[in-house]
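> Structure below; questions to follow.
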Amino acid sequence: MTFEEIINYNIINYRVTDSWLIDINVLILLGLIITIFVGQSLVWTLHKLINRKTFFKWLEPNQRKSTERYTKYAIYSIIVLIILNFIGLDIKKFLEFKIVDDYGITLTPYLILGIISLILFSQLFVWGFHKLINQQKFFEWLEDNQRVLIEKYTKYTIYVITGLIILNLTGLQIKELFEFKIIDLYNIKLTPYHILGVIFLIYLSRLLLWTFEKVIMQQERSKKIDAGKGFAIYKISKYIIIIITISLVLETVGIKITILLAGSAALLVGLGLGIQQIFNDVISGIFLLFEGTVSVHDIVQIDDLVGEVTHIDIRTSKIKSRDNITIIVPNSKLISDNVINWTLNKQSTRFQVKVGVAYGSDTEKVRQILLDVANDNPDVTTSFEDPYVRFDEFGDSSLNFTLLFWSKKMFRADIVQSDIRFEIDKRFRKEGITIPFPQRDLHIKTNDTNIKL
């Protein structure tokens, strides 16, 4: 036999169907062997390549394994198609064979391969976005919880889009699905389209709030606005965005906000009369946020309460006292009552320490000691005005002085005053200056007349 006869020798000649004749000769068999060998070589090369950190260092170990597995399956699928083509199967007809063709849904091998490729592509996109958003170089201004939140929402969005594309590929009418009426009652219509619209509005509002918060934080870091004003601007914007979002959601499902407000006018009047104090607190909260007379991180004094404002909500505010106790104060109290805001001018505040010395003490020496004590204290500032001593009065038992000084530690001024008193007592003992206690002279008159019993 000649070489041409050998390679054309039929090993298998079998008709499966009228359109499928399996005709395998030596040449085709060699082609099949070479195809399998090349495919296996590609799988082995891919395994070596994908596990080299030089090329795929951005992939995690589990992602490398998944990528290698899916790519291996894709190569094997291509090899199977090539083999089927070699043995006489019409690949086009095979891929267009309708596995499912009912209720408007068509499923073929070609469509299955497309769905698998789409799923792989979406998963690859999710992996790439995960690595990108966790790169400190590009998104260093994002906090960890914000990265997780953005990654989660983006992943869900990609999966939903992928699912919709798959449904559309199978022949399912997406438009009819979206327009299916779940609720249709009194002009209120709820369809999957409306549900997606509501979810999108909520997601968009959260994204706007998050972006606005980051802008405010950047302005605070650059010292263009202070923390209290930034907090007030963010709160006002938050309430406005929430109100707009709720209005749009109601309009989306068919509820007219104007009709709702008009119909509930009488109810709102009744509620206003019943909850006047709550309404007063809410209005006071709006005034606080707009006026900025009391802001977050301000040191305020209400009656005997001295504390730092840590939070301002629409109805109440939170004040942390010097004992680290959080006190919830209605906003109307911050508006209507006399409130001392120690940090409103953003400068130092003057404090005082009173002391009395015994009669006969050297007043000039007393003044110098008090000034030295104030100047030596690190919490006393001289940027606004130097400390000075005031001779108040000649008291009943002492010469009374007042040490006046300025300090930026308004919240812990009592500790600064305590430290100064300790030092004054120490210096007075060293210099022999006495701090007297109240004294009274008692005169007793006696009668020399003898009393006879």
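The values are calculated or read from the model by the stated rules, or taken from the named source; none is laboratory data. Keep in mind that what you see is a predicted model, and the values were worked out from it rather than measured. Methodologically, a virtual Cβ is constructed for each residue, glycine included, from the backbone with ideal geometry; neighbour enumeration extends over all protein chains shown.
> Please specify each residue of segment 275-319 satisfying the condition of being among the aromatic types (Phe, Trp, Tyr) and closer than 18 Å to TYR234 by Cβ.
PHE287, PHE290
> Right, here's the next one. When ILE335 is evaluated against the numbered criteria (1) more than 26 Å from the chain's Cα centre (by Cα); (2) closer than 28 Å to TRP406 by Cβ; (3) aliphatic (A, V, I, L, M), which criterion, by number, is the only one it fails?
ILE335 satisfies all of (1) more than 26 Å from the chain's Cα centre (by Cα); (2) closer than 28 Å to TRP406 by Cβ; (3) aliphatic (A, V, I, L, M) except (2).
> Return the pairs, sorted by first residue and then second, in which the second residue is of a type in the set (A, V, I, L, M) and exposed (fewer than 14 other Cβ atoms within 10 Å of the Cβ), the first residue lies in segment 182-209 and is without any contact (Cβ under 8 Å) to a residue 40 or more places away in the chain and in a helix (DSSP H, G or I), the beta carbons are less than 9 Å apart, and the residues are 6+ apart or on different chains.
PRO192/ILE182; ILE195/ILE182; LEU196/VAL160; LEU209/ILE242
> Follow-up question, since we're still on this one. Taking LEU172 as the residue in question, decide whether it is surrounded by 13 or more Cβ atoms within 10 Å (Cβ to Cβ), aliphatic (A, V, I, L, M), modelled with pLDDT under 75 and assigned to a loop (DSSP other than H, G, I, E, B).
Working: surrounded by 13 or more Cβ atoms within 10 Å (Cβ to Cβ): yes; aliphatic (A, V, I, L, M): yes; modelled with pLDDT under 75: yes; assigned to a loop (DSSP other than H, G, I, E, B): yes.
Considered against the rule, which asks whether it is surrounded by 13 or more Cβ atoms within 10 Å (Cβ to Cβ), aliphatic (A, V, I, L, M), modelled with pLDDT under 75 and assigned to a loop (DSSP other than H, G, I, E, B), LEU172 comes out as yes.
> Can I ask one more? Just to be sure, is LYS238 outside the structural domain of HIS130 (by TED's automatic domain parsing) and either of a type in the set (Ser, Thr, Tyr) or modelled with pLDDT of 75 or more (or both)?
Here the answer is yes, as LYS238 does meet what is asked.
> Of the numbered conditions (1) within 21 Å of the chain's Cα centre (by Cα); (2) modelled with pLDDT of 80 or more; (3) surrounded by 15 or more Cβ atoms within 10 Å (Cβ to Cβ), ASP226 satisfies every one except a single condition; which is it?
It is condition (2) that ASP226 fails.
> Here is a follow-up. Can you give me the number of residues within segment 407-453 that are surrounded by 15 or more Cβ atoms within 10 Å (Cβ to Cβ), within 30 Å of THR343 (Cα to Cα) and modelled with pLDDT under 90?
The qualifying residues number 6.
> Pick out the one residue from GLY254, GLY307 that is more than 23 Å from LEU334 (Cβ to Cβ), touching a strand residue (DSSP E or B) at 6+ places or on another chain (Cβ under 7 Å) and at pLDDT 70 or above.
GLY254
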